[in-house]
Each structure stands twice: as structure tokens, then as C-alpha cells.
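Worksheet for the structure shown next.
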Amino acid sequence: IQGAIDVGFKRAITAVIDGNITTLIAAIILYILGTGSIKSFAFTLGVGVVLNFITAVFVTRILLRTAASLGPKKSHWLYGVKGGSSNV
């Protein structure tokens, strides 16, 4: 499972970076050309994009690695199985 997580992140990182950079460019343009509430929106959008990037890249990876290290075959509750054993 650990290998699948690493491969998935390697393949997805370019799409995450591209999407965030594109949105950040739009926020910068809005901030430069906008006035008043448009500048406020652009600033909020930029902060949101940066926080989204940090969450998508670092926090999600940490959470997935932690969940994988719990031993998914032994932790049936991760799959929503209630009670004893099952054929997972």
C-alpha cells in the first residue's frame, strides 16, 4: 500500500501544482487590476490556494501514510466493517 501511495502522489503532484499556480496567477491579476472588494477577494483566493496546496501535498500525504501504517488488513473499521472478522 505504501508504494501505491507514493506512486499516486508522484503522478498527481504535477496536476496539483498546475491547478494551484493557474489559480494563483488569476488571483494576482485580479489583485493588481481590481479595486476595493475585488482586491479583497483576490487576496482571500490567494491565501486559500496556498493553504490548499500545503494541505493537498503535505497533510494528506502524512494522513495517508499514517492510515497505511495501521495495517489495513487488520483494521477492518477503516473499511466500514462493524464487528468481528470479514473477508477483506
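The values are calculated or read from the model by the stated rules, or taken from the named source; none is laboratory data. These figures come from a predicted structure and were not determined experimentally. Note that each Cβ is placed from the backbone with ideal geometry, even for glycine, and that neighbours are counted across all protein chains shown.
Selection of the stretch 29-51 for residues being more than 21 Å from ARG61 (Cα to Cα) and either surrounded by 14 or more Cβ atoms within 10 Å (Cβ to Cβ) or in contact with a Pro (Cβ under 7 Å, 6 or more places away or on another chain) (or both) yields LEU30, TYR31, GLY34, LYS39, PHE41, ALA42, PHE43, LEU45, GLY46. Scanning the stretch 27-52 for residues that are among the polar types (S, T, N, Q) and either over 16 Å from ILE17 (Cα atoms) or assigned to a loop (DSSP other than H, G, I, E, B) (or both) turns up THR35, SER37, SER40, THR44.
When the stretch 6-28 is filtered for residues that are of a type outside the set (Lys, Arg) and more than 13 Å from the chain's Cα centre (by Cα), the ones remaining, listed by number, are ASP6, VAL7, ASP18, ILE21, THR22, THR23, LEU24, ILE25, ALA26, ALA27, ILE28.
Of everything listed in (1) within 15 Å of the chain's Cα centre (by Cα); (2) modelled with pLDDT of 85 or more; (3) not basic (Lys, Arg), the single unmet condition for TYR31 is (1). The residue list GLY46, GLY34 contains one member that is touching a helix residue (DSSP H, G or I) at 6+ places or on another chain (Cβ under 7 Å) and closer than 28 Å to GLY8 by Cβ, which is GLY46.
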